[in-house]
Amino acid sequence: MAIYHTEPSLGVPNVRAWSRQPHLFQLAISSQAKLGAQGLLEGLVSPKWRHLQALHFSYIGSKKSANLWASCLIQQLIRIGHYMWKDRNRLAYSEDSSWYTARKREIDIGIREQFAMGLIDIP
């Protein structure tokens, strides 16, 4: 977060009310909550966060762009969601997973049943 000069309190879990603009944080949190956690991981970020970051840049006298900051944040959130999805799939579909084991057993049983039927009704 330091790389993008993100408002320091944004990095603290449950944004603290002692920030310079607590009411704006509450509005941003409320706005983001309406978009949901899934939306967040898909890059749906409330525009109120960009506004807060613009205020922070102004406060510290930075000429950095809040739009660029928001764009980088969205890219990072999408990457995080993608990494979570890939890791979940790696675990869910590995040969050690219960789903894989159950599916393999089901297919093996089907093959044995077909084999036991022999060549009956095969042209």
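The values are calculated or read from the model by the stated rules, or taken from the named source; none is laboratory data. Predicted, not measured: the structure shown is a model, and the values here were computed from it. Every residue, glycine among them, receives a Cβ derived from its backbone with ideal geometry; neighbour counts consider all protein chains shown.
Restricting to segment 74-93, name every residue that is of a type outside the set (D, E, K, R) and either more than 29 Å from residue 50 (Cβ to Cβ) or touching a residue at least 12 places away in the same chain (Cβ under 8 Å) (or both). Listed by number, the residues that qualify are 74, 75, 77, 78, 80, 81, 84, 89, 91, 92, 93. Of the residues making up segment 40-73, those that are free of Cβ contacts under 8 Å to residues at least 24 places away in the same chain, farther than 17 Å from residue 30 by Cα and assigned to a helix (DSSP H, G or I) are 54, 58, 66, 67, 68, 71.
Criterion applied to 27, 40, 44 was being modelled with pLDDT under 90 and surrounded by 11 or more Cβ atoms within 10 Å (Cβ to Cβ), and the one residue passing it is 40.
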